[in-house]
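Every number here is computed from the coordinates shown, using simple stated rules; none is lab data. Note that the coordinates shown come from a computational prediction; the quantities given were computed from them, not determined experimentally. We place every Cβ from the backbone using ideal geometry, glycine too, and count neighbours over all the protein chains shown.
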Amino acid sequence: MTLEGYANFSNYAVAAATVVLALAWLSYVAEWAFGRRQLGVAAAPGSTTRTATASAEAHVDGTGGPGGVATRTGSGADAGADAGLRSDAARRIALSLTVLAWAVLVAAVVARGLAAQRVPWGNMFEFACAAIAVVLTVYLILVRLQQVEWLGGIVTGFGVVVLGSSITYYVPAGPLVPALHSYWLVIHVAAAMIAGGAFLVGAGASALYLLKSRAERRTPQTADRVGYIWRLPTTAAMDQLAYRVHAFAFPIWTFGALIAGPIWAQYAWGRYWGWDPKEVWAFITWVVYAGYLHARATAGWKGKGAAVLALVGFACFLFNFVGVNLFISGLHSYAK
Amino acid sequence: MTDDDNGPQTARRSALAPALPTRHFLRWVWRQLTSMRTALFLLLLLALAAIPGSLVPQQGVDAQQVLTYRAAHPTLAPLWDKLGVFSVYTSPWFSAIYLLVLVSLVGCILPRAGVYARALRARPPKAPRNFDRLPHSRTYETDLAPEAVLAGASQVLRARRARVDVAGDELRAESGYLREAGNLVFHVCLVIVLVGVAGGALFGYRGGAIITEGGGFSNTLTQYDDFSSGALFDTEDLPPFSLRLDDFSATFQQDGPQRGAPRSFEATGTYTSEPGAQPTPYDIEVNHPLEVDGTSVFLIGQGYAPVIRVTDGDGNVAYEGAVPFLPADGTYTSTGVVKVPDAQPEQLGFQGFFLPTAVSVGDGAPISAFPAAANPVLGLFAYTGDLGMDDGAAQSVFVLDKDELTQVTMRDDKPLRILLSLGQVTELPQGRGSVEFVGLRQFVKLQFSSSPGLSIPLWGTSIGVLGLIMSLSIRPRRLWVRARSTGSRTVVEVAGLDRVSRGDLAADLDHFVEQLQDGP
């Protein structure tokens, strides 16, 4: 294929991945909708032995995902069982579509790299596509390892929004400005994308944690606990997952933004750290996530406070990507 | 750091107490300052304090933008000045916050290092009397003797690199000591990085200079356009290298939507590391600085320097040379100033613009369509009078002081506009001489900087990240096994306690019990 052929293929593939991902998101929404009439975990008849026998066990055990939905609702031969089957089917379809969207998007990113003959993350459009590919990769890996299908709606929804809006800052494939001619582009930006992908998963888990703990406070009676949210894992398990992905992402962010970034800045601009808006927000993001890690070990901040900080941290990360790129001028102005 | 503290209790108790003696008060302040809650608060405050610097232009980052901002916000600017918003990162309040963070950090590290040193020498703690009270415990019966059970458990746990003690009928094990070590290493490294960066700035220097093709630079203070150095740097110690710029080449995207985007910049020439040394060829590109004698030379800017010849009213060449015009946008629309103090009968000054590829749009002034020099045009306004260069005050070469100058006009009193293509000459009215656009060169802006000891923060951060990974991934755990003989059988109780919640204790206990039951 010619360079132009690769570029065109990449564009079509990005569009296709966006559509497939949107369908995946709709399926996750359907899973949620079908799950609305179902009883919660604890009240469901014939629930799994683990949840039935030792609630304390499930409390600290990370594997409380909706993987075992069928057993939870299984023997209850009411309308809920039917909805449960549909909800299950919707989830499986959603996961398959997510895998498909991931494969198409990875192909798009690879083709973009071949078209431009460099790493495919040299401007805002490419970063958005590559970063969503990373987000989906992180999500699918975690689905394998930790049964986190319950995060699917948030992850795919976010991906659709980013891919869909990426058309507004689309740039055709081409070579880079001299400041980006460096292998640090590979290291620095890849680290930012991986950390960002994990930050999104952590933010999703923290958001659902906040929702569910609010629901728990508002619905003290287990008999009243009907709906999708009660099929989510325990708040403890969500908190645990959020911590794990943040503990994974934070050192990568430290390396990418505060070590690799300054080293490259020294080569490109002659100084390690110059309080460029991108650097400022990378620093703010780092400090907020450092705050999150401390909050988890501070009385009065555990749980809710920490989860809110995780969301604030992700908001800072997003602002650094969108706000600083589009509204603030600085040395990192690679949006166009 | 990552463990609970007694901050709130201490605070509440002290708040109720009557006036404290100074010593106690200081201790109270120190406790507050080094508590986890304060550390968290200071971190968030630091994040908050950093925000204004990204929204308002900063003096130290882009002084030009600060001027533009001042002009656009005449009412806000004085207030921002008072609050130090134009230089957030050197302002007293920002410095106060990060110094408090630093104190809080040190105040956390010191006591915790002591605690950790004691913990390293301590043995695993005794088993609680009642295992049922722990979050996770298991019980099973076996035919093995209690001693054999404990020996087997000890072997399994030692293989997992836990610290194991057997006392009587119970086994005590603790693992994950390295978590706190990693935690301490990371925080110590943070301090080293902050101190290292500050130290490097004290002994280093940085300066910028504009050099035109064919021109040279020697590393002395007078040759710099701007220069700053640390408090402990002696400008006598500037390394005595010099360099010449032979050629600068810039390429730009010729077609497509990104037409005009820069593709490569390359400066070539020779340098000598000390007077009399053999000149060595060099090649500086963006991302590829030149290293000479502890100083790094970076290519941080470029532009055009039209060669201008000014002949005065007496017919003498009063000025001839390349004048750097500073680019103002992506198409290298550049502005510059020519000062001719030697012109007779009166001094001459010119202010104007340079367009590398000029195109006419309608009736207006030409604009630049492309950054490469395809159709260079020089536009100038002329002034006569006193340039103000004789009173000894320092003057910028890029600004014309018009206080004592009058603009040269045409017969109809309209300002004289000079537009010159390469090689063209224009006569000035009233026999004041002529201006000629003789040739075109390019200039580079080089930055020279030296920051000794920078490997310290670099190593600091690298080791710090390793410590961070350790502190986030290692989870300390305590395990106890109790084996009691009840006649023919042995009842074995196993219990565990995670000091940091990690969610897999139940599964691990099951696995551990299986290992014990299978026997060694």
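Tell me, what is the percent relative contact order of chain A, built from C-alpha pairs under 8 Å that lie six or more residues apart?
It rounds to 22 percent for chain A.
Put simply, when A:167-175, B:180-188, B:322-330 are sorted by average Cβ atoms within 10 angstrom per residue, most first, you get B:180-188, B:322-330, A:167-175. Using R0 = 45 Å, the C-beta based FRET efficiency linking B:Gln223 and A:Glu4 works out to 0.40. P(r) tail for chain A: Cα pairs beyond 26 Å make up 52% of the total. The coefficient of translational diffusion for segment B:61-131, derived via Stokes-Einstein from the alpha carbon Kirkwood radius under 25 °C and 0.890 mPa s, stands at 145 µm²/s.
Computed about its Cα centre, the charge dipole of segment A:3-327 is approximately 500 debye, with only Lys, Arg, Asp and Glu carrying charge at their Cβ.
Is the shape of segment B:95-148 best called rounded, prolate or oblate, per the rule: a/c under 1.5 gives rounded, else a/b larger than b/c gives prolate, else oblate, with a ≥ b ≥ c the square roots of the Cα gyration tensor eigenvalues? Prolate, because a/c is 1.5 or more and a/b exceeds b/c. Using only alpha-carbon positions in chain B, the gyration tensor eigenvalues give semi-axes of 74, 27, 22 Å once each is multiplied by 5 and square-rooted (largest first). Shown here is the pair-distance distribution of segment B:197-244: with all Cα-Cα distances grouped in 5 Å bins from zero up to the longest one, the shares run 5, 20, 29, 21, 14, 7, 4, 1 percent. A DSSP coil position with no more than 14 other Cβ atoms inside 10 Å describes the following trypsin sites (Lys or Arg not before Pro) in segment B:348-455: B:Lys402, B:Arg411.
Exactly which trypsin sites (Lys or Arg not before Pro) in segment B:199-259 are in a DSSP loop and have at most 14 other Cβ atoms within 10 Å?
B:Arg259
Given axes a ≥ b ≥ c from the Cα gyration tensor, I'd like to know whether segment A:189-336 is rounded (a/c under 1.5), prolate (a/b larger than b/c) or oblate.
The shape class here is prolate.
Each Lys or Arg adds one and each Asp or Glu subtracts one; over the other residues with Cβ under 13 Å from the Cβ of B:Glu266, this totals -4. Near A:Leu309, once Lys and Arg are set to +1 and Asp and Glu to -1 for all other residues with Cβ below 14 Å from its Cβ, the sum equals +3.
According to the Cα-based calculation, Rg over Rh for segment B:136-291 is 1.43, with Rh computed by the Kirkwood formula. When only the Cβ of Lys, Arg, Asp and Glu is charged (+1, +1, -1, -1), the dipole of the protein assembly as shown relative to its Cα centre reaches about 5020 debye.
I'm a student and want to see the number: the projected area of the Cα convex hull of the protein assembly as shown, averaged over all directions, in nm².
About 49.7 nm², averaged over all directions.
Considering only B:Val164, B:Leu184, B:Ala483, and ranking their Cα positions along the charge dipole of the protein assembly as shown that arises from unit charges at the beta-carbon of Lys, Arg, Asp and Glu, the one farthest toward the positive end is B:Ala483.
All C-alpha pair distances within segment B:305-441, sorted into 5 Å bins from zero, spread as 2, 10, 20, 23, 21, 14, 8, 2, 0, 0 percent across the bins.
In terms of the Cα gyration tensor, with a ≥ b ≥ c the square roots of its eigenvalues, is segment B:7-119 rounded because a/c is under 1.5, prolate because a/b exceeds b/c, or oblate? Because a/c hits 1.5 or more and a/b exceeds b/c, segment B:7-119 counts as prolate.
Each of B:Ala117, B:Val29, B:Ala96 was scored by the projection of its Cα onto the charge dipole of segment B:7-119, and the greatest displacement toward the positive side belongs to B:Ala117; charges sit on the C-beta of Lys, Arg, Asp and Glu. In loop segments of segment B:134-200 as defined by DSSP, the trypsin sites (Lys or Arg not before Pro) with at most 14 further C-beta atoms inside 10 Å of their C-beta are B:Arg160, B:Arg161. With a Förster radius of 45 Å applied to the beta-carbon distance between B:Leu178 and B:Ala145, the computed FRET efficiency rounds to 0.85.
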